[in-house]
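What follows is a short report on a single structure.
Coordinate-derived values only; no laboratory data. The model shown is predicted, which means the values in this text are computed figures rather than measured ones. Backbone-built Cβ (ideal geometry, glycine too); neighbour counts: all protein chains shown.
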């Protein structure tokens, strides 16, 4: 494939009602210069299933994902493709993602993770002063704007549809790392992202999915010694989050007032209860992944430690 000249677009519409898919089909569907295929779902199937549909419909050696709340700058796709062509051992490429409303601030440049499974964007909220302008390695890319090697997806599978949305890119990315695939960070591939545009940042359903899927991620992919210690790390994060909230910092600060904070606690408890009932399915999937594993438990722990986010950063940062 020529890096910048030839690409096909698969637009997966997840049951929208605003006329956007009709507009895209009308504007680009008949253009010989812009090869567009539209997949129309009658309802919202979630991020995972919809992207799996798109990846299955694509036929190229590389598969780029770009959310409807993200806008790529010129050269984005070319930069990602060139990076993977230069790194045959990498299966993923991460973009430099800026905040749409304030593009001088970073949304994320790859990801970091806390040892209870909660992950955050690397660099989130920082002023973009060039500190992330050198190409290098990332833990995994953010699913709103990234590139995957088709061969990797064929070998390890696509998104886990049990996740529906949120932490889905973390699960796919960590699964790929465990299978021996690397991830490159490409600062020349710039995207501007409307943060939380799908459900809104202060949305309890969003918190519910993030918390539930954190537990599922740990059960499916973490080494057993971290699975057994998960409760300790989780309680430490809750305590740090409560202290941060007293200083008007962190995620919970988006929910002002004691009533709203009680609803957050109830949502977290409900999410953990949902995850508990899904654990047998995750453990079954964990066993099926055994033939794909290239990293030992110790190597996985060292990888997570290298890309860890500190408890203070995690508790004071808003996702």
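Between residue 104 and residue 266, what is 0.36 nm times their sequence separation minus the Cα-Cα distance? Round to one decimal in nm.
Working: separation 162, 0.36 × 162 = 58.32 nm, distance 3.59 nm.
So the chain would gain 54.7 nm between residue 104 and residue 266.
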Under a plain spin-label model, where a point goes 7 Å from the Cα along Cα-to-Cβ, how far apart in nm are residue 150 and residue 301? 4.0 nm
Take the alpha carbon gyration tensor of the stretch 112-253, find the square roots of its eigenvalues, order them as a ≥ b ≥ c, and report rounded if a/c is under 1.5; if not, report prolate when a/b exceeds b/c, else oblate. oblate
Just 123, 259, 298 to compare: in a GNM of the chain, with alpha carbon springs under 10 Å, which one fluctuates most? 259
Per the helix-only calculation at 222 nm, which mean residue ellipticity applies to the chain, given -39500 (n - 2.57) for every DSSP H run of n ≥ 4 and division by its residues, nearest 500 deg cm²/dmol? -13500 deg cm²/dmol
If R₀ is 25 angstrom, what is the calculated FRET efficiency for the pair residue 68 and residue 161, using the beta carbon separation as r and rounding to 0.05? 0.85
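By counting other Cβ atoms within 10 Å of each Cβ, how are 109, 99 ranked from fewest to most?
Values: 109 26, 99 18.
By the 10 Å Cβ count, ascending, the order reads 99, 109.
Using the C-alpha atoms of the chain, what convex hull volume per residue, in cubic angstrom, is computed? Display every interim value, and only then the final one.
Working: hull volume 43.8 nm³, N = 319.
Given the Cα convex hull of the chain, per-residue volume reads 137 Å³.
How long is the gain from residue 229 to residue 20 if the chain were fully straight, where each residue apart is worth 0.36 nm and the alpha carbon distance is subtracted?
Numbers: separation 209, 0.36 × 209 = 75.24 nm, distance 4.62 nm.
Gain on extension, residue 229 to residue 20, equals 70.6 nm.
Apply 1/(1 + (r/R0)^6) to the Cβ-Cβ distance of residue 248 and residue 313, taking R0 = 22 Å, and write down the FRET efficiency to the nearest 0.05.
Values: r = 17 Å, r/R0 = 0.75.
Computed FRET efficiency for residue 248 and residue 313 comes out at 0.85.
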Please arrange 108, 96 by counting, for each residue, the other beta carbons lying within 10 Å of its beta carbon, fewest first. 96, 108
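Rounded to the nearest 0.05, what FRET efficiency do residue 239 and residue 133 have when you use their Cβ-Cβ distance and R0 = 45 Å?
Values: r = 36 Å, r/R0 = 0.80.
Between residue 239 and residue 133 the formula returns 0.80.
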With a/c under 1.5 counting as rounded, go ahead and sort the stretch 204-316 into rounded, prolate or oblate using the C-alpha gyration tensor (a ≥ b ≥ c being the square roots of the eigenvalues; past the cut-off, prolate if a/b is larger than b/c, else oblate). oblate
